[in-house]
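Worksheet for the structure shown next.
The values are calculated or read from the model by the stated rules, or taken from the named source; none is laboratory data. This structure is a prediction, so every number in the text was calculated from the model and none was measured. Reconstructed Cβ throughout: ideal geometry from the backbone, glycine too, with neighbour counts over all protein chains shown. Side chains are part of the model used for accessible areas, which takes the heavy atoms of the whole protein and leaves out ligands, DNA and RNA. Shrake-Rupley method; radii C 1.70, N 1.55, O 1.52, S 1.80 Å.
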Amino acid sequence: MLNLASLFLSVLAVLISGYLAYQQTLAARGANLIPIIFSAFREWRNEDFIRTQQYILTELASYHDPAGGYLSLPEPLRIKVDRVTVFYDDLGKLVAFRAVDSRVVLATFGVTTIRVWDALKPYIYREREIRGTQFMATFEDLACRARETPPSVLHRKLGLRKDTRGCNSR
């Protein structure tokens, strides 16, 4: 009986140790996520980034035909558009490789990711035809994920409250 009790306590100790190690891993991953997300927030709030993104959303298609592809955009516009496009492609890489929690990215950047993707899609698809590559594939993947899981769904799953009656309702 004493041997069974010892065995039980040993197994319990291993299970508890495993659980604590798992919790530490989650905490460490969260700590690594913070600088990445803050860096993304900083870029997203940059005045030049905001202006370029707005141009992409409202004027790019009016002044530049996508038939030449993405790289046919004139300089210095292409460099500015690159800054926005690469931002979303890099976020897509972080999500695709599970370096960050996709819920954080999609809840924060999801709606705009879709809008920017839709504006740039003709240029990117044409560039893929020209290059024969999967140019900006992780940006496209991020936009697809954002369409499949809108921020409103994520907000509801997170239990974010709405101030409908003094913040008491969910």
**OP:** Pick out, from the stretch 90-170, the helices (runs of 4 or more DSSP H) lying fully within it that include 2 or more residues that are touching a Gly at 6+ places or on another chain (Cβ under 6 Å).
**Re:** 102-131, 137-148
Original post:
List the pairs whose first member sits in the stretch 118-130 and is in contact (Cβ under 8 Å) with a residue 40 or more places away in the chain, whose second member is surrounded by fewer than 16 Cβ atoms within 10 Å (Cβ to Cβ), and whose Cβ atoms are under 8 Å apart, counting only residues at least 6 apart or on separate chains?
Top reply: ALA119/ALA61; PRO122/ALA61; ARG126/ALA67; ARG126/GLY68; GLU127/LEU71; ILE130/LEU71
Original post:
Going by the structure shown, is ILE114 touching a Phe, Trp or Tyr at 6+ places or on another chain (Cβ under 8 Å), open to solvent by less than 60 Å² (accessible area, probe 1.4 Å) and aliphatic (A, V, I, L, M)?
Top reply: no
Original post:
What number of residues in the stretch 131-170 are of a type in the set (A, V, I, L, M, F, W, C) and modelled with pLDDT of 95 or more?
Top reply: 8
Subject >> Residue under evaluation THR52, criteria (1) open to solvent by 40 Å² or more (accessible area, probe 1.4 Å); (2) more than 17 Å from TYR125 (Cα to Cα); (3) assigned to a helix (DSSP H, G or I); (4) without any contact (Cβ under 8 Å) to a residue 40 or more places away in the chain, criterion not met >> reply: (1)
Subject >> Any pair with Cβ under 6 angstrom, 6 or more apart, that starts in the stretch 149-170 at a residue that is over 19 Å from VAL105 (Cβ atoms) and ends at one that is at pLDDT 75 or above and among the basic types (Lys, Arg) >> reply: CYS167/ARG161; ARG170/ARG161
**OP:** Hey, can you tell me all the residues within the stretch 33-69 that are of a type in the set (Phe, Trp, Tyr) and at pLDDT below 95?
**Re:** PHE38, PHE41, TRP44
Original post:
Can you find a residue in the stretch 58-66 that is under 30 Å from ILE34 (Cα atoms) and buried (at least 18 other Cβ atoms within 10 Å of the Cβ)?
Top reply: no
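Out of the stretch 85-107, which residues are among the β-branched types (Val, Ile, Thr), at pLDDT 90 or above and open to solvent by 40 Å² or more (accessible area, probe 1.4 Å)?
VAL86
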Subject >> Filter result (in contact (Cβ under 8 Å) with a residue 60 or more places away in the chain and charged (D, E, K, R)) within the stretch 90-117 >> reply: ASP101
Original post:
If the Cβ limit is 7 Å and pairs must be 6+ apart or interchain, which residue in the stretch 17-43 that is open to solvent by less than 70 Å² (accessible area, probe 1.4 Å) pairs with which residue that is at pLDDT 75 or above and among the small types (Gly, Ala, Ser)?
Top reply: none
